[in-house]
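Right, one structure below, let's go through it.
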Amino acid sequence: MSKKARFGIDIDGTVTCPATLIPHINAQYNVNITLDDVVEYDFLSAFPHPVDRTEFAHWFTTNEPRLYAASELADNAHAILNDWKSRYELFYISARGENVLDITKNWFHEHAVPYDHIELIGSHDKLSTAKHHCVDAFFEDKHDNAVMLAEELDIPVILFDTPYNRLATPNKVIRVNNWIEANDWIRKNFE
C-alpha cells in the first residue's frame, strides 16, 4: 500500500467561508462591507472611514473565541473533506494562536470536519510548519502564503479565489473558486 498524500490546509477563508467574519465586523463598527470590498488581506482596507488599528486588533483579540466558534463552513468543504479522510492525511495549519486551540477543535467536532492534525502557529508564516510536516499540497486563501509555499516547497498550492488575493501567481499555485474545483484538481493530480 502506498503512502497517503498529506495535505496542509489553512482554516480561515479556506475551510471556513471567507465572508464569515464580515457580519460581526459590520455589527461592531456599524458599517456594511461585503467580501467584494475586501481587496487586500486586511478587513480595514474595506472600511468607508479610518479605524484605529490598535482598537480593531483589541476588539478582534477579545472576541476571537466567539468569532471562531461561530465561523461558517465553506460550501462543500464538509462533504469533500469527509470524502478525503480515508485517502489523504489532513493537516490543518493555521495562523490562529494556541489560545483558541480548544475552540478550534470543538468547532471541528461540532461540524464533523475530519482531521489528522491541527496546528495553530500564531503567525501567517506557515513555511516551516508545512515543511516540518512534509505536506504534498497546501490549501490557502492568502496570496503571499500561497506563492511562498509553492516556490519554497515546490508543491502545488490550491488558492481559493477571493477579492483579496487576485495578484498574479506562479504555475504551482492553482486558483480555484470553490471546494468542488479543488476536489476536481486533486482527483486529476493525486488519484
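Mean sequence separation of contacting Cα pairs (under 8 Å, at least six apart), scaled by the length of the chain, corresponds to a relative contact order of 26 percent. The slack in the chain from V39 to E72, taken as 0.36 nm per residue of separation less the alpha-carbon distance, amounts to 9.8 nm. Helix 143-153 axis versus longest C-alpha principal axis of the chain: approximately 30°, rounded to the nearest ten.
Each Lys and Arg Cβ is given +1 and each Asp and Glu Cβ -1; about its Cα centre, the range 36-179 then shows a dipole of about 220 debye.
Between E64 and N26, the FRET efficiency estimated from the beta carbon spacing at R0 = 22 angstrom works out to 0.80.
By the gyration tensor of its Cα atoms, with a ≥ b ≥ c the square roots of the eigenvalues, what is the shape of the range 138-191: rounded for a/c under 1.5, prolate for a/b over b/c, or oblate? Write down the numbers at each step before the final one.
On the way: a/c = 2.27, a/b = 1.19, b/c = 1.91.
Here the range 138-191 falls in the oblate category.
How much accessible area per residue does the chain have, in Å², with a 1.4 Å probe? Don't skip to the answer; put the middle values down first.
Details: 9520 Å² over 191 residues.
With the other protein chains kept in place, the chain gives 50 Å² per residue.
For a modelled paramagnetic label at K4, 7 Å from Cα along Cα-to-Cβ, the residues of the range 71-102 in reach, with backbone nitrogen under 19 Å, are 77-94. Tell me the angle of helix 101-110 to the major Cα principal axis of the chain, expressed in degrees between 0 and 90 and rounded to the nearest ten. Approximately 70 degrees, to the nearest 10. Could you tell me how many degrees, from 0 to 90 and to the nearest 10, lie between the Cα long axis of helix 53-69 and the main elongation axis, the longest principal axis, of the Cα atoms of the chain? Tilt of helix 53-69: around 50 degrees. Taking the 1.4 Å solvent-accessible surface of the chain as the whole, the part contributed by carbon and sulfur is 49%. Packing-based ranking of 156-164, 179-187, 52-60 yields 156-164, 179-187, 52-60, ordered from highest to lowest mean Cβ neighbour count within 10 Å.
By its C-alpha gyration tensor, with a ≥ b ≥ c as the square roots of the eigenvalues, how is the range 1-137 shaped: rounded for a/c under 1.5, else prolate for a/b larger than b/c, else oblate? Prolate, because a/c is 1.5 or more and a/b exceeds b/c. Classify the range 94-183 as rounded, prolate or oblate, taking a ≥ b ≥ c as the square roots of the eigenvalues of its Cα gyration tensor: rounded when a/c is under 1.5, otherwise prolate if a/b is larger than b/c and oblate if not. In terms of gyration-tensor shape, prolate. Model label sites at E152 and K105, defined 7 Å from Cα along the beta-carbon direction, differ in position by 2.7 nm. Sorting the segments 139-148, 64-73 by their mean number of nearby beta carbons within 10 angstrom, highest to lowest, gives 139-148, 64-73.
The values are calculated or read from the model by the stated rules, or taken from the named source; none is laboratory data. Just so we're clear, the structure is a prediction, and the values are computed from it rather than from any experiment. Cβ coordinates were reconstructed from backbone atoms using ideal geometry, including for glycine residues, and neighbour counts include every protein chain displayed. Keep in mind that these areas ignore ligands, DNA and RNA; they rest on the heavy atoms of the full protein, side chains included. Shrake-Rupley method; radii C 1.70, N 1.55, O 1.52, S 1.80 Å.
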